[in-house]
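Okay, so here's the structure we're looking at.
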Amino acid sequence: QVQLVESGGGLVQAGGSLRLSCAASGRTFSRYSMGWFRQAPGKERDFVARISASGGNTYYADSVKGRFTISRDNAKNTVYLQMNSLKPEDTAVYYCAATRYGGILVALSEYDYWGQGTQVTVSS
């Protein structure tokens, strides 16, 4: 079992930055690929970014490429999402997720564990 707890969300003006964190329980964190997803009101939960278990490979949705950076610290059992140049359309609840699988991993069904989410609101 892996428990995930997100933090770092909040209210920011357009063009600003936030860094989200996701702390994981358990001693096997380094075996899991990790992903970030987001869900805006009335919309489906969408893929944002994912990082391989080792941290050596990342993949991003086109909508955030060049603005967001996913990283991880396996010694701290934590994955991060650095969000720069934020836009109002980035407003959503952001979720982190863990999976034992490798690959592109953009589908919700590919992930085994989910956090409770953290709200990000970008004002114009």
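The values are calculated or read from the model by the stated rules, or taken from the named source; none is laboratory data. This structure is a prediction, so every number in the text was calculated from the model and none was measured. Glycine gets a Cβ as well: all are built from the backbone with ideal geometry, and neighbour counts include every protein chain shown. Calculation scope for accessible area: heavy atoms of the full protein, side chains included, ligands and nucleic acids excluded. Shrake-Rupley method; radii C 1.70, N 1.55, O 1.52, S 1.80 Å.
Being of a type in the set (S, T, N, Q) and either outside any loop (DSSP other than H, G, I, E, B) or open to solvent by less than 50 Å² (accessible area, probe 1.4 Å) (or both) is the filter here; which residues of the range 1-24 pass it? Correct list: Ser7, Gln13, Ser21.
Hey, can you tell me all the residues within the range 1-42 that are among the basic types (Lys, Arg), over 21 Å from Gly103 (Cα atoms) and out of contact with any strand residue (DSSP E or B) (no Cβ under 8 Å at 6 or more places or on another chain)? Outline the logic, then answer.
So the first thing to find is which residues in the range 1-42 are among the basic types (Lys, Arg), and the list is 19, 27, 31, 38.
Retained after the next criterion (residues that are over 21 Å from Gly103 (Cα atoms)): 19, 27.
Selection gives Arg27 alone.
Across the range 63-84, the qualifying residues are those that are of a type in the set (Gly, Ala, Ser) and either closer than 22 Å to Val106 by Cβ or in contact with a helix residue (DSSP H, G or I) (Cβ under 8 Å, 6 or more places away or on another chain) (or both), and the one among them that is surrounded by the fewest Cβ atoms within 10 Å (Cβ to Cβ) is Gly66.
In the range 49-58 there is no residue that is open to solvent by 20 Å² or more (accessible area, probe 1.4 Å), within 17 Å of Val106 (Cα to Cα), in contact (Cβ under 8 Å) with a residue 40 or more places away in the chain and of a type in the set (Lys, Arg). Could you check, for the range 80-100, whether at least one of its residues is in a loop (DSSP other than H, G, I, E, B) and free of Cβ contacts under 8 Å to residues at least 24 places away in the same chain? Scanning the range 80-100 turns up no residue that is in a loop (DSSP other than H, G, I, E, B) and free of Cβ contacts under 8 Å to residues at least 24 places away in the same chain. Scanning the range 25-48 for residues that are buried (at least 22 other Cβ atoms within 10 Å of the Cβ) and hydroxyl-bearing (Ser, Thr, Tyr) returns Tyr32, Ser33.
When the test is whether a residue is β-branched (Val, Ile, Thr) and open to solvent by 30 Å² or more (accessible area, probe 1.4 Å), Thr99 does not pass it.
Name the single residue, out of those in the range 96-124 being of a type in the set (Ser, Thr, Tyr) and over 12 Å from the mean Cα position of the chain (by Cα), that is farthest from Gly16 (Cα to Cα).
Top of the filtered list is Tyr101.
Of all the criteria given as (1) without any contact (Cβ under 8 Å) to a residue 60 or more places away in the chain; (2) surrounded by fewer than 16 Cβ atoms within 10 Å (Cβ to Cβ); (3) hydrophobic (A, V, I, L, M, F, W, C), the one not satisfied by Ala107 is (1).
Checked against (1) modelled with pLDDT of 95 or more; (2) open to solvent by 60 Å² or more (accessible area, probe 1.4 Å); (3) closer than 23 Å to Gln3 by Cβ, Gly115 passes all but a single condition, namely (2). Could you check how many residues of the range 1-38 are closer than 16 Å to Tyr113 by Cα and among the hydrophobic types (A, V, I, L, M, F, W, C)? Here the count works out to 10.
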